[in-house]
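First the structure, in the form of structure tokens, and then the observations on it.
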Amino acid sequence: MLIRGAEIDGACCDVRITDGCIAAIAPELPPRLDERVLDAAGAALLPGLTDHHIHLNATAAALQSVRCGPPEILDEAALVAALETAPGDGWLRGIGYHPSIGVDVDRAWLDRHGPARPIRIQHRSGRMWILNSRAEEMIGTALPADGRLLDRDDWLRERMGSAGVDLVPLGAQLAGFGITGLTEVTPRNGLADYRRYAEAGLPQRLLIMGRAELDDAAPLGLARRGAVKLHYHDHDLPALDRLAAEVARAHDAGRPVAAHCVTEAELMLTLAAIEAAGPHRGDRIEHAAITTPPCVEWIAALGLTVVTQPHFIVERGAAYSTDVEPELRAWLYRLRGFVDAGIRLAAGSDAPFGGIDPWRAMAAAVDRPAAFGADERLSPEQALALFTGQAEDPGGMARRVAVGEAADLCLIDRPWREARGALAAVRVRATLVGGRIVHGGDALGAPL
């Protein structure tokens with residue numbers, strides 16, 4: 001394949017792809033017989049993007065779910081309308097609910113305001129499901145009086161059954177944003193999950209986190225084993241020695257850890273455990289939702305990576321303005337503070353708990369609202385780099401469009417000098433994984 005007239009690092013170039021890799025880059029390359037040509041027309045050709053933190057099954061299921069919270073739903077009337085107009089007559093699955101819309105949803109509220117069908121709505125945190133009385137009848141097991149199930153996903157899944165989720169539509173949607181790599185971070189992932197993701201037909205390269213059961217998982221297709229995911233909350237934090245032993249076990253198996261940290265307590269315990277066990281290359285802090293200056297110094301001293309969600313400040317700003325103490329708002333989902341401290345920084349969507357469009361996330365990193373620390377803003381180039389690091393080394397050296405590199409690429413619809421000033425408006429014309437077009441095939445010309 002020949003990509004003609006692409007902007008690479010400010011210069012107009014032709015790019016030849018052979019056997020899945022970039023074989024040549026020059027101001028002009030003569031086309032070969034039977035070679036397919038993609039005319040970039042001066043638009044920027046960039047490394048394909050990686051979403052470094054996504055929950056694939058839940059995100060695919062969310063595509064078939066009703067949005068029940070901000071930014072789509074902002075008040076009780078809008079929630080009632082969304083539930084009443086949801087298509088179908090079987091299970092109704094809602095996501096993204098948050099009480100900031102002004103209503104405290106429980107079983108009684110759903111029985112009173114929802115349609116006459118089994119309903120389950122997920123809190124925005126992903127930790128709680130709220131079910132109505134018809135849902136209890138369908139499950140055949142008594143539920144708490146308020147219909148709320150906290151941290152009981154496995155229990156609910158066993159009783160509802162799980163036929164698996166088709167990931168192909170999600171993969172196509174992600175490819176449409178220029179995403180060529182995905183890091184699946186669901187904590188319970190085991191070998192069966194690993195195989196299912198690898199064989200799901202996704203066009204992207206996959207790095208799959210999960211339990212210790214994955215220690216010996218070999219590469220399978222486009223899938224590779226990732227870190228051991230640590231997922232604890234304030235109410236169930238383990239003792240320091242137990243967590244340190246869990247970290248050390250992962251390291252002994254040659255695996256880094258990736259620790260969910262959205263509160264100060266979760267972060268400080270995790271840092272103490274990694275320090276006690278000894279840090280390992282690739283150890284990650286996921287989210288780093290609230291990171292005070294002393295914790296920034298500690299993360300830097302341990303040589304850890306932070307994978308965060310810059311778009312949360314925009315998507316959840318109204319709730320943060322009321323739920324987070326004013327003195328902590330500048331420490332929410334920090335960006336430049338990590339970069340200035342020399343900490344490797346990358347980003348992921350945390351979908352379905354956040355939006356999947358990486359260009360909107362980049363825009364949020366550049367145009368961060370002043371109320372949440374304007375000095376945490378990044379340059380457009382730094383924002384792009386959040387998504388162009390290696391999956392195994394997010395925040396490390398950004399991948400480049402260069403000879404010898406894998407042809408995991410995205411061609412956007414404009415030169416970078418225009419894109420950098422309006423990142424949220426960027427559209428992707430074509431996406432390639434290993435030289436194969438996985439989005440935008442209609443842009444490819446006929447063979448010469």
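Values quoted throughout were computed directly from the atomic coordinates according to the rules given, and no laboratory measurement underlies them. Remember, predicted model here, so these are calculated numbers, not experimental data. Positions of Cβ are backbone-derived with ideal geometry, glycine not excepted, and every protein chain shown enters the neighbour counts.
Quick look at the values:
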| quantity | calculated |
| --- | --- |
| Cα→Cβ-extended label distance, 7 Å offset, between residue 302 and residue 173, nm | 3.4 |
| Under the Karplus curve 6.51 cos²θ - 1.76 cosθ + 1.60, θ = phi - 60°, whole-Hz ³J(HN,Hα) for segment 90-103, x wherever Gly or Pro sits | x, 4, 10, 10, x, 9, x, 5, 8, x, 4, 6, x, 9 |
| Per-residue Cβ neighbour rank within 10 angstrom, fewest leading, 261, 13 | 13, 261 |
| Environment charge at residue 118 (Cβ cut-off 14 Å; Lys +1, Arg +1, Asp -1, Glu -1) | +2 |
| Pairwise Cα inverse-distance average, inverted: Kirkwood Rh of segment 1-59 (Å) | 13.0 |
| Identified option (computed Rg and Dmax of the Cα atoms in Å; candidates (1) 22.6, 72; (2) 21.3, 63; (3) 23.0, 84) | (1) |
| Counting DSSP beta bridges with both ends in segment 62-160, the antiparallel % (nearest 5) | 50 |
| Mean ellipticity per residue at 222 nm, deg cm²/dmol - from DSSP H runs of n ≥ 4 across the chain, formula -39500 (n - 2.57) | -7500 deg cm²/dmol |
| C-alpha center-to-center spacing [segment 225-241, segment 245-322] in angstrom | 11 |
| Using θ = phi - 60° and Karplus 6.51 cos²θ - 1.76 cosθ + 1.60, couplings along segment 314-325 (whole Hz; Gly, Pro as x) | 7, 5, 10, x, 4, 5, 4, 5, 10, 8, 10, 4 |
| Gain on full stretching of the segment that runs from residue 148 to residue 211 - 0.36 nm per residue minus C-alpha separation | 20.0 nm |
| Virtual paramagnetic centre 7 Å along Cα→Cβ of residue 160, amide N under 17 Å, in segment 52-93 | 55-69, 83, 86-93 |
| About the Cα centre, charge dipole magnitude for segment 48-138 (Lys/Arg +1, Asp/Glu -1 at Cβ), debye | 200 |
| Footprinting exposure proxy for 68, 12 (fewest neighbouring C-beta atoms within 10 Å first) | 12, 68 |
| Segment 62-160 - convex hull of the alpha-carbon atoms, volume per residue in Å³ | 92 |
| ³J(HN,Hα), Karplus 6.51/-1.76/1.60, whole Hz, each residue of segment 422-438, x for Gly, Pro | 8, 4, 5, 8, 4, 10, 9, 7, 8, 10, 10, 10, x, x, 9, 6, 10 |
| Beta bridge orientation in the chain: antiparallel %, DSSP, nearest 5 | 45 |
| Exposure proxy ranking, count of Cβ atoms within 10 Å, fewest first, for 388, 291 | 388, 291 |
| Segments 428-441, 349-362, 34-47, 100-113 sorted - mean Cβ within 10 Å per residue, highest first | 349-362, 428-441, 34-47, 100-113 |
